[in-house]
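One structure is given here, and the rest of the page talks about it.
The values are calculated or read from the model by the stated rules, or taken from the named source; none is laboratory data. No experiment lies behind these values; they were computed from the predicted model shown. Backbone-built Cβ (ideal geometry, glycine too); neighbour counts: all protein chains shown. With ligands, DNA and RNA removed, areas are computed over all heavy atoms of the protein, side chains included. Shrake-Rupley method; radii C 1.70, N 1.55, O 1.52, S 1.80 Å.
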Amino acid sequence: MWPVADVSRRYKLAYEACDVMQAVYNKERCSNKALLSAKPLMECLSSFHSAVDEVTMTASKDALGWKSFAPGTGGDGNMQTETSFNPRELDRYTVRGSTSVTFAIRELKSIVEMCDKVHCGIAFSFDGPGSPIIFSAENMEEDLQLDLVLATLQGADGFQDQSQLDESVPPSQQPPGPTQPERSMRDGNVHLT
């Protein structure tokens, strides 16, 4: 990295040996995309309580919203934090329909913080609940290119998004949603079953 005021930055990344998993995804085929710089996203994510493990991102024509619930705080036992970006605040924003995706916030915070340090934007590519969300960053000056693929919940109750269900068919006769990998959001691991 380029030194600033004769101070060079060096990052040490800790890693451990693990089994190789190949994520299968295609950013170009995702129907919803957004791009913004890391700084406003870092400010957005810092507004969430430290006890928050998951965040819900809602994309609509009017806004890109972020929402979370922190357990055990507030009068009713939960504290809700909600913030949003106007599409004019984003560098690029393409949404083909309103959708919400819920995913782990810890890994995203780490990547956003790193991207802020190397001054590059973050692109989101996603379809809907149960499909992965892909966060991408690229900075040619620093020779940096990364994709972070996170699993998403299938819906608020663990099933497919209710907006995708056919209202004319009773719930008992609707086909089951796609299978969801068993996962632990607290430690950030995804365990495929």
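Points to keep in mind about this one:
- If you go through the stretch 8-20 and keep only what is without any contact (Cβ under 8 Å) to a residue 60 or more places away in the chain and either open to solvent by 90 Å² or more (accessible area, probe 1.4 Å) or under 15 Å from the mean Cα position of the chain (by Cα) (or both), you end up with R10, K12, L13, A14, Y15, E16, A17, C18, D19, V20.
- Residue in the stretch 95-102 that is open to solvent by 10 Å² or more (accessible area, probe 1.4 Å) and at pLDDT below 90 present: yes
- Screening the candidates C115, C120 for the property of being under 22 Å from D53 (Cβ atoms), modelled with pLDDT under 90 and surrounded by 16 or more Cβ atoms within 10 Å (Cβ to Cβ) yields one hit, C115.
- Tally of residues being over 19 Å from A137 (Cα atoms), open to solvent by less than 50 Å² (accessible area, probe 1.4 Å) and within 13 Å of the chain's Cα centre (by Cα) across the stretch 59-73: 4
- Filter result (more than 18 Å from L90 (Cα to Cα) and touching a Cys at 6+ places or on another chain (Cβ under 8 Å)) within the stretch 115-130: D127
- Positions within the stretch 25-34 being over 20 Å from I111 (Cα atoms) and exposed (fewer than 10 other Cβ atoms within 10 Å of the Cβ), in sequence order: E28, R29
- Number of positions in the stretch 78-94 that are part of a loop (DSSP other than H, G, I, E, B) and open to solvent by 100 Å² or more (accessible area, probe 1.4 Å): 1
- Filtering the stretch 79-95 for residues that are over 30 Å from K12 (Cβ atoms) and out of contact with any strand residue (DSSP E or B) (no Cβ under 8 Å at 6 or more places or on another chain) leaves a non-empty set.
- Residues being surrounded by fewer than 17 Cβ atoms within 10 Å (Cβ to Cβ) and in a helix (DSSP H, G or I) - total across the stretch 43-52: 2
- Verdict on K39 being in a helix (DSSP H, G or I), of a type in the set (K, R), within 30 Å of R96 (Cβ to Cβ) and touching a residue at least 40 places away in the same chain (Cβ under 8 Å): yes
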